[in-house]
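Here's the structure we're looking at; comments come further down.
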Amino acid sequence: LLADHLKNHPRFAGYFDEKTVQRLYDSTPLHDIGKVGVPDSILLKPFELTREEFEIMKMHTVFGRDVVRRIELGMHDAEASSFLNLAKEIAHTHHECWDGSGYYGMKGEEIPVSGRLMAMADVYDALITRRVYKPAFPHEKAFEIMREGRGTHFDPDVVDAMLSSEERFKEIALQFSDEHG
């Protein structure tokens, strides 16, 4: 949805052809694949992580990138390699913040477009989904929190795309929620 909305934006001109949009759609489910390397005691902890535990949790982005990289090395098909390259990029950069306060300090345009889009979708999903450590927020509260992150946590143009697609965002979230199968 965000990629389709940003296709005609001057800052993203030429980035979003139909193949790239499809690859984004196909590869984003792999964004947290690296969590297989994080102990369940941290993943399922019902309260705040210690500094040490958070450092381990942050490593899921590196683990994810490296897992996809190993798979990619065995690929000889250009299309599969393009898909995996995008998946690797997303896995590694989806916790970077526009202002540089993310996991590894990338900021602004240094963050790949795919990571900026995934950051938006991932945070929205985290906010509206119940976790062991928090209740689900209603859609309106999630959008308020994300709006507040415009220019700090998130690329301002990606936030604007989300805001202009709010109803469709909500519909998609309902369609894919655990409660709706």
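Since every read-out is calculated from the coordinates, none of them should be taken as a lab result. Because the structure is predicted, anything quoted here is derived from the model rather than measured. Note that we place each Cβ from the backbone using ideal geometry, even for glycine, and neighbour counts take in every protein chain shown.
Observations
- For segment 90-114, residues that are assigned to a helix (DSSP H, G or I), over 10 Å from the mean Cα position of the chain (by Cα) and closer than 15 Å to V21 by Cα total 1.
- Among the residues of this structure, V62 counts as one that is hydrophobic (A, V, I, L, M, F, W, C) and within 16 Å of the chain's Cα centre (by Cα).
- Number of the condition not met by T93 [criteria: (1) crowded, with 18+ Cβ neighbours inside 10 Å; (2) in contact (Cβ under 8 Å) with a residue 40 or more places away in the chain]: (2)
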